[in-house]
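In what follows, a structure is listed as structure tokens, so that the remarks can point back to it.
The values are calculated or read from the model by the stated rules, or taken from the named source; none is laboratory data. Note that the coordinates shown come from a computational prediction; the quantities given were computed from them, not determined experimentally. Neighbour counts are summed over all protein chains in view; Cβ atoms, including those assigned to glycine, are modelled from backbone coordinates with ideal geometry.
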Amino acid sequence: MNITHAPALSDNYMYLITDNKTKECAVVDPAEPDAADHAGGNENLVKQAKKELGLKDIPIYGGEKVQALTHMVKDNEEIPLGQLKITCLSTPCHTAGHICYLVDDGNKKAVFTGDTLFISGCGKFFEGTAEQMYSSLQKLAKLDPQTEVYCGHEYTLQNFKFAVTVEENNSGLQDRMKQMQSKKVTIPSTIGDELRYNPFMRTNQEDVQKYTGTKNEIECLAILREKKNNFKST
């Protein structure tokens, strides 16, 4: 498969997934044309595509509250795209119906995490709880460590600045942040990298628990999120 990214709005990412064998494509989180976040502009995009490309039917898969939705997906449901295997992963918290998409071409795996998992960060708990976010992140943590991570926003540098305050003794984290500082585009990460450098996926680690003052991983995650909400870097 081939994955092409494009920036949108101030810090969004949208993605084009192509099956190299059949040339069938899917778009993840198409933003704009009316400055809509993520899939919020689907209705106008569908109208434009039908008019300009002559397409009759454009299937739109997603969870609840997705504009112009044609297929409401469920956890572990598979979506056909050429010879690619796309598995829907229910990851509620940022939004109640949030879905991540795991794509597998037999050799390479990639997961599109939207507003659930960022590079060295996670989404805010807008419509859910710390327990839900913990469950969602644990679901992603069980994926193959080599799985590439494509998130919905470019928040990486700010996330790393927070992460190094959480784990001051994580030398690998310091080195990783230095690598990211010179990059405008930091995607993709991998699940393995997130397990090494993302404090929100490291709530079982002693230094992270010491920072939050609790060994309860769900409470630890909630405290991390609150501290990140109020974090201001220099």
### Task
Return yes when Lys109 is over 17 Å from Asp29 (Cα atoms), out of contact with any Cys (no Cβ under 7 Å at 6 or more places or on another chain) and buried (at least 18 other Cβ atoms within 10 Å of the Cβ) and no when it is not.
yes
### Message
Is it the case, given these coordinates, that Pro199 is in contact (Cβ under 8 Å) with a residue 40 or more places away in the chain and touching a helix residue (DSSP H, G or I) at 6+ places or on another chain (Cβ under 8 Å)?
### Response
yes
#### Entry: Check on Thr70, hydroxyl-bearing (Ser, Thr, Tyr), surrounded by fewer than 19 Cβ atoms within 10 Å (Cβ to Cβ) and over 23 Å from Pro7 (Cβ atoms)
yes
### Filtered residues of the range 199-214 (kept if charged (D, E, K, R) and surrounded by fewer than 24 Cβ atoms within 10 Å (Cβ to Cβ))
Glu206, Asp207, Lys210
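How many residues, within the range 186-234, are assigned to a loop (DSSP other than H, G, I, E, B), closer than 21 Å to Asp11 by Cβ, at pLDDT 95 or above and not aliphatic (A, V, I, L, M)?
First pass over the range 186-234, keeping only residues assigned to a loop (DSSP other than H, G, I, E, B): 186-188, 198, 202-205, 213-216, 230-234.
Adding the requirement that they be closer than 21 Å to Asp11 by Cβ leaves 186-188, 198, 230-234.
Checking the rest, the ones that are also at pLDDT 95 or above come to 186-188, 198, 230-231.
In the following step, the residues that additionally are not aliphatic (A, V, I, L, M) were identified as 186, 188, 198, 230-231.
Qualifying residue count for the region: 5.
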### Task
Give the residue that is surrounded by the fewest Cβ atoms within 10 Å (Cβ to Cβ), with candidates limited to residues of the range 145-185 that are in a helix (DSSP H, G or I) and among the small types (Gly, Ala, Ser).
Ser171
### Query
Lys56: touching an Asp or Glu at 6+ places or on another chain (Cβ under 8 Å) and of a type in the set (Lys, Arg), yes or no?
no
### Query
In the range 130-144, how many residues are assigned to a loop (DSSP other than H, G, I, E, B), out of contact with any strand residue (DSSP E or B) (no Cβ under 8 Å at 6 or more places or on another chain) and either among the aliphatic types (A, V, I, L, M) or closer than 19 Å to Tyr13 by Cβ (or both)?
0
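Can you tell me which residues in the range 134-163 are aliphatic (A, V, I, L, M), closer than 29 Å to Gly106 by Cβ and more than 13 Å from the chain's Cα centre (by Cα)? Step through it out loud before you land on a result.
If we filter the range 134-163 for residues that are aliphatic (A, V, I, L, M), which is where we start, we get 137, 140-141, 143, 149, 157, 163.
Imposing the further condition that a residue be closer than 29 Å to Gly106 by Cβ reduces the set to 137, 140-141, 143, 149.
Answer for the range 134-163, where residues must be aliphatic (A, V, I, L, M), closer than 29 Å to Gly106 by Cβ and more than 13 Å from the chain's Cα centre (by Cα): just Leu143.
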### Message
Condition first: more than 25 Å from Asp75 (Cα to Cα) and among the acidic types (Asp, Glu). Now tell me which residues in the range 120-179 satisfy that.
### Response
Glu154, Glu167, Glu168, Asp175
### Summary
The one condition Lys21 fails out of (1) part of a strand (DSSP E or B); (2) at pLDDT 95 or above is (1)
